[in-house]
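In what follows, a structure is listed as structure tokens, so that the remarks can point back to it.
The values are calculated or read from the model by the stated rules, or taken from the named source; none is laboratory data. Treat the numbers as computed from the prediction; the structure is a model and nothing was measured. Neighbour counts are summed over all protein chains in view; Cβ atoms, including those assigned to glycine, are modelled from backbone coordinates with ideal geometry.
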Amino acid sequence: MEITSSGIPANSEIDLRFAEPGVGGANVSPALAWSGAPEGTRSYAITCFDPDAPTGSGWWHWVVTDLPVEVTSLPEGVELPPEARTWVNDYGYAGWGGPWPPPGPAHHYVFTVFAVGVDRLDVPDEATSAVARLTLSFNVLDTGQFAALFRNPSS
């Protein structure tokens, strides 16, 4: 599968508008588009993960599941379709949580779209993001991903 973003090209620096307000951003979710899903795809999921976060386990910025199969792109700042579920990110709220790394070197932000073999993950709405991601892992048919960089402007 292939995933692209008109606002965040692969291997580029992420624009400040996508970042958290704590570093001067507007916390706008990026536009994404994907193609090449295999036969049997029944829904999609999206994640954004920072493996460089100094937590020992990275930082989850966005976890979306149950996107209808006919949705193959999201515009910038999108309100997701009602069928989609957004899980609590590592900031503690559901939805896109833009970059806000500590001062220092740039962090990598890995965007992944998953082709999923079920319409809806069998996960209760009150479950954690970790439970949703684990359940997702059992239902993935294919993935596409790219990474981009963001450095705290105060660095």
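Brief remarks follow.
- Looking only at residues in segment 107-134 that are polar (S, T, N, Q) and surrounded by 16 or more Cβ atoms within 10 Å (Cβ to Cβ), the one that is farthest from T55 (Cα to Cα) is T112.
- Checked against the criteria, D15 counts as modelled with pLDDT of 95 or more and more than 17 Å from D125 (Cα to Cα).
- Checking each residue in segment 81-105 for being not in a loop (DSSP other than H, G, I, E, B) and not β-branched (V, I, T) picks out R85, A94.
- Taking segment 1-80 as the region of interest, the strands (runs of 3 or more DSSP E) fully inside it that hold 1 or more residues being within 16 Å of the chain's Cα centre (by Cα), free of Cβ contacts under 8 Å to residues at least 40 places away in the same chain and under 17 Å from Y109 (Cα atoms) are 59-68.
- Just one of the numbered conditions (1) buried (at least 16 other Cβ atoms within 10 Å of the Cβ); (2) in a loop (DSSP other than H, G, I, E, B) is not true of S154: (1).
- Any hit, segment 52-70, residues being surrounded by fewer than 21 Cβ atoms within 10 Å (Cβ to Cβ) and in contact with a His (Cβ under 8 Å, 6 or more places away or on another chain): yes
- A single entry from G7, G24, G36 fulfils the requirement of being surrounded by fewer than 18 Cβ atoms within 10 Å (Cβ to Cβ), out of contact with any strand residue (DSSP E or B) (no Cβ under 6 Å at 6 or more places or on another chain) and at pLDDT 95 or above: G24.
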